[in-house]
Amino acid sequence: MMAWIKKKIVFLFLLFLTTLPVTGFACVGKTLVVGSTGGVQQELLANMLAQLITERTGTSVKLVNHDSSQSAHQALMKDDLDIYVEYTGVGQIEILGGEPINDPELLYEAVKKRYNEELNIVWLKPLGFEANIVDLTLPAQAVPIARKDTLKKFPALARLINKLSGKINARTIAQLEEQTTSQGVKEVARGFLKQNRLI
């Protein structure tokens, strides 16, 4: 009987720990800037990132809309943007000017390596779906990317955002986009995070 009670106490304690905010994260006077590159899908993903960060850390987040990946990339390079969701195919072709790579995993690793070495930008873990990008006939996994110095200032940021990895498949993102026709983007994003116990 005592062994069972001890196990129960340990379980409840661990459960309590998983609900605590990420500590040692918030940076006084610093606002994280999260971007999107146009369209409902991008707005949804940006709102997920923003609400996840705010709810779990208390850090202020500002959402900024850009009209293209090129615009968001330039903002990232100029330190006007900290993080946004990019697509592997877009990064390889439009930003890096590289050759097409048809294998999704090889493409992700290639883009991740070049961004890290040449641009000081980190590709985090893929969210779990590939987007249909106009004029792009190669894999386009959706992946949060962030400035390397941002991740240094906020050591727990990468681990927090990676909690979204694998949580959003093609069916899920389609359903969420459909929900925005009757609900606001912020509400849909918040509902998804709550349903998945991320906030």
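Select, from 22, 40, the only residue that is modelled with pLDDT under 55 and either closer than 25 Å to residue 172 by Cα or within 17 Å of the chain's Cα centre (by Cα) (or both).
22
Return the residues of region 125-160 that are of a type in the set (A, V, I, L, M) and in contact with a Lys or Arg (Cβ under 8 Å, 6 or more places away or on another chain); say none if nothing qualifies. Quick ask: steps written out before the conclusion?
First pass over region 125-160, keeping only residues of a type in the set (A, V, I, L, M): 127, 131, 133-134, 136, 138, 140, 142-143, 145-146, 151, 156-158, 160.
If the condition is that a residue be of a type in the set (A, V, I, L, M) and in contact with a Lys or Arg (Cβ under 8 Å, 6 or more places away or on another chain), then 127, 143, 160 are the ones that fit.
Quick check on region 180-190: of everything there that is more than 15 Å from the chain's Cα centre (by Cα) and buried (at least 17 other Cβ atoms within 10 Å of the Cβ), which residue is farthest from residue 31 (Cα to Cα)?
Step by step, filter region 180-190, then rank; the result is 180.
Count, please, the residues in region 178-199 that happen to be part of a loop (DSSP other than H, G, I, E, B) and charged (D, E, K, R).
Matching residues across region 178-199 total 1.
Looking at 63, 76, can you tell me which residue is closer than 18 Å to residue 32 by Cβ, within 15 Å of the chain's Cα centre (by Cα) and free of Cβ contacts under 8 Å to residues at least 60 places away in the same chain?
Answer to the selection: 63.
Do we find that residue 95 is in contact (Cβ under 8 Å) with a residue 40 or more places away in the chain and β-branched (Val, Ile, Thr) in this structure?
Considered against the rule, which asks whether it is in contact (Cβ under 8 Å) with a residue 40 or more places away in the chain and β-branched (Val, Ile, Thr), residue 95 comes out as no.
A quick yes/no check of all residues on (1) surrounded by fewer than 17 Cβ atoms within 10 Å (Cβ to Cβ); (2) touching a helix residue (DSSP H, G or I) at 6+ places or on another chain (Cβ under 6 Å); (3) closer than 18 Å to residue 46 by Cα:
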site	(1), (2), (3)
74	yes, no, yes
83	no, no, yes
91	no, yes, yes
107	no, yes, no
120	yes, yes, no
149	yes, no, no
158	yes, yes, yes
164	no, no, yes
170	yes, no, yes
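If you go through region 31-80, how many residues are in a helix (DSSP H, G or I) and closer than 14 Å to residue 146 by Cβ?
Residues meeting the conditions: 11.
With respect to residue 54, determine if the residue is free of Cβ contacts under 8 Å to residues at least 12 places away in the same chain, among the hydroxyl-bearing types (Ser, Thr, Tyr) and within 23 Å of residue 189 (Cα to Cα). Reasoning before the result, please.
Details: free of Cβ contacts under 8 Å to residues at least 12 places away in the same chain: yes; among the hydroxyl-bearing types (Ser, Thr, Tyr): yes; within 23 Å of residue 189 (Cα to Cα): yes.
For residue 54, the condition - free of Cβ contacts under 8 Å to residues at least 12 places away in the same chain, among the hydroxyl-bearing types (Ser, Thr, Tyr) and within 23 Å of residue 189 (Cα to Cα) - is met.
The values are calculated or read from the model by the stated rules, or taken from the named source; none is laboratory data. Owing to the predicted nature of the structure, the values given are computational and were not obtained by experimental measurement. All Cβ positions, even for glycine, are placed from backbone atoms using ideal geometry, and neighbour counts span all protein chains on display.
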